Amino acid sequence: MLLQRVMFLPLLSPWSRQTTRNVIARFPAVQLAHFRSNSSVANVKERTLIAVKPDGVQRRLVGQIIRRFERRGFKLVGLKMLQVSEELLSQHYCQLTQKPFYSSLVDYMTSGPVVAMVWEGHNVVQSSRVMVGPTNPAAAPAGTVRGDFSLHVSRNVVHASDSLEGAQREIELWFQGKDLVKWDCWDQTLTCEK
């Protein structure tokens with residue numbers, strides 16, 4: 001936060017370059033050196049798949065959901081809108097194909113576009129599950145995506161990977177390697193430890 005103030009105060013107030021240099025000089029040298037490096041922060045390479053389901057897209061909630069993940073400090077590395085095929089869904093929901101509700105799930109997921117995203121950050125899989133909330137919106141606390149936006153267990157707005165292994169499998173199903181963008185996000189170097 002201090003570094004943000006240092007960077008933008010000259011734009012917002014009549015500070016001189018010398019004043020800015022004095023403030024920067026007091027900023028811990030280790031943090032400044034870390035900020036200036038282009039190397040990625042260790043332990044932030046964890047990735048998860050978040051998909052806004054057709055009801056979330058139809059209700060125009062995509063931007064609000066993206067905003068929550070950005071505000072949490074996660075980095076968006078993949079994003080696309082698509083009409084999901086039954087083939088992709090059968091692979092994605094392979095553990096549910098024998099359940100009695102599977103055909104209605106496929107009907108729902110193919111009823112409109114889905115916005116699929118890959119988010120990266122420290123502990124992103126577990127944190128995302130907490131942010132999204134339980135599958136049943138009646139059990140989802142206020143402040144979670146489902147607690148705030150879901151109307152029914154069968155229309156719960158968003159999907160979030162449930163484990164590191166699940167996230168890796170789902171990301172490979174929904175995205176090709178070239179679809180994911182590698183980029184350095186400077187604030188991750190300030191908010192995560194090596």
**Study point:** Filter result (in contact with a helix residue (DSSP H, G or I) (Cβ under 7 Å, 6 or more places away or on another chain) and in a loop (DSSP other than H, G, I, E, B)) within region 71-104
**Key:** 73, 74, 84, 93, 97
Practice item. Scan region 122-137 and give yes if some residue there is part of a helix (DSSP H, G or I), in contact with a strand residue (DSSP E or B) (Cβ under 9 Å, 6 or more places away or on another chain) and modelled with pLDDT under 95, otherwise no. Key: yes
**Study point:** Unique match (being closer than 21 Å to residue 57 by Cβ and within 14 Å of the chain's Cα centre (by Cα)) among 128, 104, 85
**Key:** 128
Exercise for review: Output the residue which, of all residues in region 156-194 that are in a loop (DSSP other than H, G, I, E, B), within 19 Å of residue 126 (Cβ to Cβ) and open to solvent by 50 Å² or more (accessible area, probe 1.4 Å), is modelled with the lowest pLDDT.
Suggested key: 193
Revision key, fill the gap. Within region 101-160, residues among the charged types (D, E, K, R) and touching a Phe, Trp or Tyr at 6+ places or on another chain (Cβ under 8 Å) come out as 120, 155
Review point. Within region 36-56, can one find any residue that is closer than 20 Å to residue 137 by Cα, modelled with pLDDT of 50 or more, within 12 Å of the chain's Cα centre (by Cα) and of a type in the set (S, T, N, Q)?
Key: no
Review point. Of all residues in region 111-151 being among the hydroxyl-bearing types (Ser, Thr, Tyr) and without any contact (Cβ under 8 Å) to a residue 40 or more places away in the chain, which is surrounded by the most Cβ atoms within 10 Å (Cβ to Cβ)?
Key: 150
Exercise for review: Taking the options 55, 107, name whichever one is of a type in the set (D, E, K, R), outside any strand (DSSP E or B) and surrounded by 19 or more Cβ atoms within 10 Å (Cβ to Cβ).
Suggested key: 55
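The values are calculated or read from the model by the stated rules, or taken from the named source; none is laboratory data. These figures come from a predicted structure and were not determined experimentally. In this analysis, Cβ positions are derived from the backbone assuming ideal geometry, glycine residues included, and neighbour counts consider all displayed protein chains. With ligands, DNA and RNA removed, areas are computed over all heavy atoms of the protein, side chains included. Shrake-Rupley method; radii C 1.70, N 1.55, O 1.52, S 1.80 Å.
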